[in-house]
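A short worksheet on the structure shown next.
Any read-out appearing in this document is the output of simple, stated calculations on the displayed coordinates, not a laboratory observation. A quick note: this is a predicted structure, and the numbers were derived from the prediction, not measured. Heads up, the Cβs are rebuilt from the backbone with ideal geometry, glycines too, and the neighbour counts pull from every protein chain shown.
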Amino acid sequence: MKIDLHIHTATGSDGALSLEEVFGEARRRGIGFLSITDHDAIHHQGQAVELAKEHGITYVTGVELNVTFVHPAKSVSLDFLGYNYDYNNRALNEKLQQVREHREARAHRILDNLNVEFEKEGRPLFTGDDLLRMQEGIDGILSRPHIADYLVKKGVVGTRQEAFDSYLVRCDVPKYPLPLAEASQLIRDAGGVLVHAHPNDPNGTSLVGLTKDLSGQTAVIEEYMLDYIDGIECWHSRSDAATTTHYIEFCRRHSLLMTGGSDCHQKPLLMGTLDIPASVARQFGNL
């Protein structure tokens, strides 16, 4: 059985395929255990549960939360995955609504910052029509990857990475300041578990922002996170063998859940491509 516990959709956040399309593709690929983990969005989890039943897929509720992690050296942005929670939990839904409203306001402020840069360069400024075109086909909240793709489409840059390197890093606006302790309480109070996502991701929000040394990363987790997390994402599309081995050993030492997922946004289509052992699914049967 194939397992993928980290998938994004266009319905909830920044995936390329709708929720229905993701489940159809999952079935074609033989994925038997799955979670949709859209950014700060759980409004479609009930639909996901029903689609999973229709396609004969075992499903666990999921969400990806961005956390502002305060470390003595510096504060960094980290991602955490919530699993197996009650998607009708009132406190969780209210908090995520606040986060999504901040995301929307943040996107508009980023566009304002881009226009400042465009004016310096003598480029045409983004207008309301540009904003409408960016939002076409997006069911979730407009985010930086959507803006990056539009910059490519407009010919401002050649690639999504160039969009970030040339504009979006410089024009960024702070994310919603969600502390790890609060994220943990929200998910646990809703009956779920919190998992540290892609801790050694070289291209994403990860502990690489503090240290590239694997032992140094797990030292940070030991000192500052163990009270708040229930597991770690050991298998990820950008994790090498050394990373996976290191974090498996760490999880065993601390009796933590071990999860894995492609982090698929359907650009490219990575769903179900990781060799994740069946023991990962069996852990959820014990929760």
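Annotations for the structure displayed:
- Based on DSSP H segments of at least four residues, each scored -39500 (n - 2.57), the chain has a per-residue ellipticity at 222 nm of -12500 deg cm²/dmol.
- Exposure proxy ranking, count of Cβ atoms within 10 Å, fewest first, for Leu125, Leu274: Leu125, Leu274
- Relative contact order of the chain, pairs being alpha-carbon contacts under 8 Å that are 6 or more residues apart, as %: 23
- q = 0.10, 0.11, 0.16 Å⁻¹, the chain: log10 I(q)/I(0) [Debye, one scatterer per Cα]: -0.53, -0.64, -1.34
- Spread over its residues, the convex hull of the C-alpha atoms of segment 149-235 is 142 Å³ per residue.
- The orientation-averaged projected area of the convex hull spanned by the Cα atoms of segment 1-98 comes to 7.1 nm².
- Distribution of pairwise C-alpha distances over segment 106-168, 5 Å bins, in %: 4, 18, 32, 31, 13, 2, 0
- Crossing angle, helix 90-121 versus the chain [Cα axis fit, 0-90 degrees, rounded to tens]: 40
- Principal axis dimensions, segment 193-248 - Cα atoms, whole angstrom, descending: 27, 22, 19
- For segment 49-158, the convex hull drawn through the C-alpha positions has a volume of 182 cubic angstrom per residue.
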